[in-house]
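What follows is a single structure, written as structure tokens, with notes after it.
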Amino acid sequence: MSIISINDNNGFLDKIKNKKVQFSCVISSIETTKYIPISGVNKKVIEYTPAADMELVIMGKSLSIPTPPIDATGCPSPATITRANVDLKNIPVLTVDAGSAIKPKIPYISVDEKPTGDIYKGRAMNNSKELFKMGEIIGKNLTSDALIIGESVPGGTTTALGVLMGLGYDAKNRMSSGSVKNPKELKLNVVENGLKYAKSKDVFDILNAVGDKMMPVVAGMAVSSVKKGKPVILAGGTQMASVLSVIKEINKNHTKENILKSGLISIGTTEFVLNDKNADLKGIIEQIDENVPIFASKFNYDKSHIEGLKSYCKGSVKEGVGAGGISVYSYVNGLIPDDIRAYVEKNYYRWFKK
Ligand code: AAM
């Protein structure tokens, strides 16, 4: 089995089989990561990571920096996995910029030029409601039969923690990280301080204080797609769980159209997040809505001859750039984990030649 399925009561995977799909990735940077080490992303390239990730996914190489993002253990960005899927399955890609510090050197849709602000001071943004509406417009105008939405937001597991806590969920010890050593205490301190500045418990006030700009945009895209009857994979781990909680909150007064119970929305992630001993994705989703299925894709990276890929199995990186969710789609539509591993291995030395 190449996919681990949890709560798949409504046959979600059948709904994405042989369907024309669109992959979209929403990117943003967060000011706080410049001076507080909350993110697992390599500090040297953190500002460039969202741009370089999307360049790799679309062009097959990073343009803004010499190599795609890679950490000290040789563990490459999850964009390498996403690129494999896009190339092998010919999946169309739409980049949405919600404030990346460095702009990608490829065409993209811009919803906000400025990065997410300082979440420590509760100043993430002041336009989360507008960003949600922008996301809805994008979703409404997509013509595919199914949608996969990923993210590249260094520091994003911290904003995800802040939003879940602000909305009253028990998320403290359940959030994943882009690094082996998840700086949990530091992340908690940052969001607890930021939440003091939230104007109210309203979801848009919480987002404005401690969220990131990717979150309302992805929520809007997902809501409008589900309303059109199209299946959506929120492609990510605990960050997408947080987006799911935002969707639930925004949708709570719409009794006619319950997005979470539509059978059209799922979380698609990697086995590395699902099995992360420092996190509990399942425990978060159960608190939001136990009917939402979770799918985790396997990669057989323990079989790799490249140390950097093996380090995924030891807790490096784990997920990002929609890697897990897009692989779920590809596995349903004919690929096997070894196809992705072989593709990444074949290209690894070309991507990372010094
Ligand atoms: C995205 N691109 C990445 C990467 N991510 N390149 C290298 N390593 C990653 N981990 P944290 O909250 O620790 O910063 O983790 C979230 C980030 O890690 C996101 O950008 C996610 O897409 C992933």
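The values are calculated or read from the model by the stated rules, or taken from the named source; none is laboratory data. Remember, it's a predicted structure, so these values are computed and weren't measured experimentally. Neighbour counts run over all protein chains shown; Cβ positions are idealised from the backbone, glycine included.
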*Determine whether the range 1-8 contains at least one residue that is at pLDDT 95 or above, touching a Leu at 6+ places or on another chain (Cβ under 7 Å) and more than 12 Å from the ligand (Cβ to nearest atom).*
yes
*Which numbered condition trips up Lys44, out of (1) within 8 Å of the ligand (Cβ to nearest atom); (2) free of Cβ contacts under 8 Å to residues at least 60 places away in the same chain?*
(1)
*Given the conditions (1) of a type outside the set (Gly, Ala, Ser); (2) part of a loop (DSSP other than H, G, I, E, B); (3) within 16 Å of the ligand (Cβ to nearest atom), and given that Tyr169 satisfies all but one, which numbered condition is not satisfied?*
(3)
*Working only within the range 188-218, note down all residues that are of a type in the set (Phe, Trp, Tyr) and part of a helix (DSSP H, G or I).*
Phe204
*Do you know which of the residues in the range 109-125 that are of a type outside the set (A, V, I, L, M) and within 21 Å of Val223 (Cα to Cα) is surrounded by the most Cβ atoms within 10 Å (Cβ to Cβ)?*
Asp112
*Within the range 135-155, is there a residue that is within 16 Å of the ligand (Cβ to nearest atom) and among the polar types (S, T, N, Q)?*
yes
_Lone unmet requirement of (1) within 14 Å of the ligand (Cβ to nearest atom); (2) among the basic types (Lys, Arg); (3) part of a loop (DSSP other than H, G, I, E, B) for Arg83_ = (3)
*If we keep just the residues of the range 22-54 that are out of contact with any Ser or Thr (no Cβ under 8 Å at 6 or more places or on another chain) and under 18 Å from Ser316 (Cα atoms), which is surrounded by the most Cβ atoms within 10 Å (Cβ to Cβ)?*
Val45
*Quick one: which of Ser304, Ser327 is in contact (Cβ under 8 Å) with a residue 60 or more places away in the chain and of a type in the set (S, T, N, Q)?*
Ser327
